[in-house]
There are 2 protein chains.
Amino acid sequence: MSKQAGLPVLEQDEAVCCAPMVREPLGEEAAAELSRMFKALSDPIRLRLLSLIASHEGGEACVCDLIGPFDVSQPTISHHLKVLREAGLVGSERRGTWVYYWVLPEALAKLSALLEIPAVSAKAPA
Amino acid sequence: MSKQAGLPVLEQDEAVCCAPMVREPLGEEAAAELSRMFKALSDPIRLRLLSLIASHEGGEACVCDLIGPFDVSQPTISHHLKVLREAGLVGSERRGTWVYYWVLPEALAKLSALLEIPAVSAKAPA
DNA sequence: AACTTGTTTCGACGTCTATCGATACAGCCG
DNA sequence: CGGCTGTATCGATAGACGTCGAAACAAGTT
């Protein structure tokens with residue numbers, strides 16, 4: 001790897017990402033993984049689901065709490081939850097009759113950090 | 001325009017969003033607008049384009065700088081840039097022969113704030 | 001065991017998206 | 001002016017995605 005650090009280098013997270021993208025171009029792998037997460041956020045229903053789960057009392061919600069607010073069928077909600085889970089944004093567990101979902105904060109933090117603007121801006125508006 | 005600069009304007013939550021979604025559920029409108037932005041980020045090429053633009057010297061890059069790093073055709077890159085522009089993530093301008101793109105920092109900041117985890121975790125006592 | 005309620009999976013359908021090659025448009029230069 | 005280079009648009013096509021109803025699966029109740 002001939003990568004010698006004179007600089008903090010970061011080595012940030014495990015494999016992929018997490019310094020602001022404004023700092024240096026994303027590699028292909030990092031972009032692929034991150035785009036999968038953003039894709040999970042690219043649907044309004046999933047975005048609302050995520051915020052419902054995150055803001056729910058106790059930090060988790062059962063599916064039964066999540067179908068009411070939407071106009072789509074229950075299987076559709078289940079599908080969206082699966083997408084969020086497979087993107088690594090939420091975790092889930094069955095407890096008795098109900099299945100509970102909660103947000104995985106590290107995932108959100110990762111995306112948030114990526115989009116962060118380091119200093120003043122990338123470019124000042126004219 | 002009675003808008004004179006003293007501050008970077010901000011005004012963020014005008015209609016839509018911007019407190020961490022962990023705090024309170026997103027409304028339908030907010031979710032719709034935000035999902036459009038995330039959709040623009042849901043493609044690896046667009047993600048890399050954005051980071052290339054953002055990290056480019058001077059905070060902006062011309063299209064000619066952006067086609068080299070990718071395996072796709074020039075029209076495809078142009079298409080992706082259009083998607084980023086229509087999502088409000090980048091601005092562009094023609095200067096002579098070349099067209100330049102730059103990141104709109106407020107847009108990234110908005111998304112970043114949305115995904116931010118307020119305190120320790122999603123769990124908040126009532 | 002049979003019934004009931006909560007959740008996921010399956011198969012199908014229409015729409016949206018990424019990509020391409022061809023082509024049109026915009027400025028520069030000889 | 002005519003040609004050249006950089007960029008955007010167009011039309012077509014293959015694949016992905018959101019949605020549904022039906023059916024399967026899971027756990028509790030009678």
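At a glance:
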quantity	calculated
Hull-based mean projected area of segment A:28-115, where the convex hull spans the alpha carbons, in square nanometres	5.9 nm²
Of the GluC sites (Glu not before Pro) in segment A:20-54, those whose Cβ has at most 13 other Cβ within 10 Å and which sit in DSSP loop	none
Surrounding net charge for A:Asp65, when Lys and Arg each add one and Asp and Glu each subtract one, Cβ distance under 14 Å	0
Inter-copy label distances at A:Ser73 (7 Å, Cα→Cβ; nm, one decimal)	3.8
Summed buried accessible area for B+A [probe radius 1.4 Å, Å², rounded to 100]	3300 Å²
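The values are calculated or read from the model by the stated rules, or taken from the named source; none is laboratory data. Only a predicted model underlies this, so the values are computations on that prediction, with no experimental measurement involved. Positions of Cβ are backbone-derived with ideal geometry, glycine not excepted, and every protein chain shown enters the neighbour counts. Areas reflect the complete protein model, heavy atoms only, side chains present, ligands, DNA and RNA absent. Shrake-Rupley method; radii C 1.70, N 1.55, O 1.52, S 1.80 Å.
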